[in-house]
Amino acid sequence: MELTTVKLVTIIAEAVLEERLLHDLRQLGARGYTVGAVRGEGTRGVHASEWEGKSLRIETLVAPDVAERILQHLAATYFPHFAVIAYMADVQVVRGEKFRGKQ
């Protein structure tokens, strides 16, 4: 079994942004994603708009250049205006060719 290192990009955002974020991920080169409802507390306490709906977590496995594009886009487009955080980590996957994304 051969493992390939790719980037796991995780985005925590307001649920109202789901369709916009998924569209952006596809445009930036992600080939797939996983979405789930989440709740939690951070440095500012419980999310102020929790009554409007839960937050969501989007995860995608992508090549390093795609991960960089995604994080740069999120920082420029969403961070100034919405409750969004994002991070990436190296992960090892089987069938690495599935996660290379658009170049």
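Between residue 73 and residue 95, the simple label model (points 7 Å from Cα in the Cβ direction) yields a spacing of 2.4 nm. Fully extending the segment from residue 81 to residue 27 would add 17.4 nm, taking 0.36 nm per residue of separation and subtracting the current Cα-Cα distance. Note that region 11-25 has calculated 3J(HN,Hα) couplings of 10, 10, 8, 4, 4, 4, 8, 3, 5, 4, 5, 5, 4, 4, 4 Hz, one per residue in order, obtained from phi through the Karplus relation 6.51 cos²θ - 1.76 cosθ + 1.60 (θ = phi - 60°); glycine and proline are x.
Could you compute the FRET efficiency for residue 1 and residue 39, with r as their C-beta to C-beta distance and R0 at 35 Å, rounded to 0.05? It comes out at approximately 0.45.
Every read-out reported here was derived from the displayed coordinates using simple, explicitly stated rules and does not represent laboratory data. None of these values were measured; they are calculated from a predicted model. Heads up, the Cβs are rebuilt from the backbone with ideal geometry, glycines too, and the neighbour counts pull from every protein chain shown.
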